[in-house]
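Here is the structure we will look at.
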Amino acid sequence: ATHAGLHGKALRAVQRAVALRPQDPALLREFGLLLGQQGDAASAERMMREVLKLEPGGVEDMCSLAEALADQATPLQGQALAEYLRGRRRRVGPLPRGLEAGDEAETAFRDALQADPH
């Protein structure tokens, strides 16, 4: 089977599991990540928001939400958010002036940075 075929099967399997256990953050997280990998950033965003409602403050979940938001941003906003995430990982600091991204995505990144500064 092809990689895309296996990915589609995994997506359908997790979707069925979520239908049976819609309040399970681990399943919602996995579903959101798979949706993002499929290019469905809007659905990935919805799943990650649900995860954060059930388990607030998860750094990786906040980063996943921010990435889903970045995938929906304009090219410049997406580039700025990608650089911000790389900077957060290298502990470089804030975005340069003029590259500010959408408020919500930037807030998600800043929240993740505050929750886990390392």
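The values are calculated or read from the model by the stated rules, or taken from the named source; none is laboratory data. All of these numbers come straight from a predicted model, not from anything done at the bench. Just the protein is used for accessible areas: all its heavy atoms, side chains included, with ligands, DNA and RNA removed. Shrake-Rupley method; radii C 1.70, N 1.55, O 1.52, S 1.80 Å.
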If you average the sequence gap of Cα pairs under 8 Å that are 6 or more apart and divide by the length of region 1-49, what percent do you get for the contact order?
28 percent
Using 0.36 nm per residue of separation minus the Cα-Cα distance, give me the extension gain between Ala17 and Glu60 in nm, one decimal.
13.3 nm
Spherically averaged projected area in nm², based on the convex hull that wraps the Cα atoms of region 1-44:
2.9 nm²
Quick one: pull the percent of accessible area on region 27-80 belonging to carbon and sulfur, 1.4 Å probe, ligands and nucleic acids left out.
52 percent
